[in-house]
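Novice: Quick one: the structure is below, and I'll ask about it shortly.
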Amino acid sequence: DRLHLSFAERAKVAKNPVAAQLFQIMATKETTLCLAADVTDATALLNLAEQAGPHICALKTHIDIVDDFHRNLITPLQEIAKRHNFVLFEDRKFCDIGKTIELQYSKGMYKISSWAQLVTAHALLGKGVLDVIKKAEGLEKRGVFLLAEASCSGTLIDAKYSKSTLKMAEEYPDLVTGIVCQSPMFLNNPGLIQLTPGVQIDIKADDVDQQYNSPESVVIEKGCDIAVVGRGITKAADTAVAAEKYKKILWDAYLQRIKK
Ligand code: 5IU
């Protein structure tokens, strides 16, 4: 099953091209780390990408929090991603009628479809979101992570909703890269990637609603393939050192998991 196969083996069965690419990157760079680059300054974002670049498979952005965003930010970001071989991932959490998402994906200031190979989306409003992302212009290789569970306390998502989200994912195998969730759920398809946020070594929660698990426990007990780490790295004194530390702990946990 999924949890005991290597990423190299799973690359062969992935139907979404970005999932296949991610599995390749993970296997060759030996990293399952996705950095949540939640900073509000464009230069800080580029510095984070540069410092963490060698240690990550994906850089997750909230591009709308960058105070000084300008289209000129995208070219150097893409250059860094290409040089260090990681994927750009905009955590947009699309949730609207298809027509609106079509505009939010390709238009406005951010033109997400022109640079982010990966985006997140809610399944809440139905399949429209996947239909419009699938047929939009933009990058040739693109993928969607559907949100099936959340790390925060107080989420309204229940087991039935999570299950329906997985069902929707299976209906779009060429578009869906994987699922954002906190547990292995019913995700047995080895071609899909489990992305798990809420990962930190030192603390269990933030001062709002975030809840953290350790890197070892998300990989070994909760089925995480790619772990999202934000403040565990962005607030560290040295980004590169912290990213490398998370990378190693996560990779060792993955090796331990596939050996069982
Ligand atoms: N994120 C979560 N939990 C979720 C989902 C997304 O934390 O359930 I869906 C995002 C929010 C933030 C990052 O961008 O992942 C986690 O950052 P920290 O490691 O700093 O908490």
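Novice: Rounded to whole Hz and in sequence order, give me ³J(HN,Hα) for region 106-123 from the Karplus expression 6.51 cos²θ - 1.76 cosθ + 1.60, θ = phi - 60°, writing x for Gly and Pro.
Specialist: 10, 10, x, 5, 8, 6, 3, 5, 7, 9, 8, 5, 10, 9, 9, 8, 8, 8
Novice: Next question, about the same structure. Give me, ordered by chain and number, the residues 5 or more places off residue 92 or on other chains with an amide H under 5 Å from its own placed amide H.
Specialist: For residue 92, the qualifying residues are 120.
Novice: Report the Rg/Rh value for region 1-259, based on alpha-carbon coordinates and the Kirkwood definition of Rh.
Specialist: 0.93
Novice: Next question, about the same structure. Quickly work out the residue 231-to-residue 114 label distance, labels modelled 7 Å from Cα along the C-beta direction, and quote it in nm with one decimal.
Specialist: About 3.4 nm separates the two model spin labels.
Novice: What distance in nm separates the two pseudo spin-label positions at residue 214 and residue 135, each 7 Å out from Cα along the beta-carbon direction?
Specialist: Going by the 7 Å Cα→Cβ label model, 5.0 nm.
Novice: Which far-off residues, 5 or more places away or on another chain, put their amide H under 5 Å from the one on residue 193, with H placed in the peptide plane?
Specialist: 178, 179
Novice: Shifting gears a bit: Report the charge-dipole magnitude of the chain in Debye, nearest 20, computed about the Cα centre from +1 at each Lys and Arg Cβ and -1 at each Asp and Glu Cβ.
Specialist: 780 debye
Novice: Let me ask something else. Summing -39500 (n - 2.57) over the DSSP H runs of n ≥ 4 in the chain and dividing by its residue number, what mean residue ellipticity at 222 nm do you reach, to the nearest 500 deg cm²/dmol?
Specialist: It lands at -11500 deg cm²/dmol.
Novice: A follow-up question, please. Points 7 angstrom from Cα along the Cβ direction at residue 43 and residue 107: gap in nanometres?
Specialist: About 3.5 nm separates the two model spin labels.
Novice: I've got another one for you. Between residue 204 and residue 259, what length in nm is gained on full extension when 0.36 nm per residue of separation is reduced by their alpha carbon distance?
Specialist: Residue separation times 0.36 nm, minus the Cα-Cα distance, leaves 17.0 nm.
Novice: Rounded to the nearest 0.05, what FRET efficiency is calculated for residue 1 and residue 97 with R0 set to 41 Å and r the Cβ-Cβ distance?
Specialist: Calculated value: 0.65.
Novice: Related question: Under 29 Å Cα-Cα from residue 204, which lysines qualify once same-chain neighbours fewer than 8 residues away are excluded?
Specialist: 29, 60, 93, 160, 163, 222, 235, 245, 247, 248, 259, 260
Novice: Rank 58, 237, 36 by mean-square fluctuation in a GNM of the chain with C-alpha springs under 10 angstrom and give only the top-ranked residue.
Specialist: Greatest mean-square fluctuation among the candidates belongs to 237.
Quick note: the coordinates plus some simple rules give every number you see, no bench work behind them. Note that this is a predicted model, so its numbers are computed, not measured. Please note: Cβ atoms are built from the backbone with ideal geometry, for glycine as well, and neighbour counts cover all protein chains shown.
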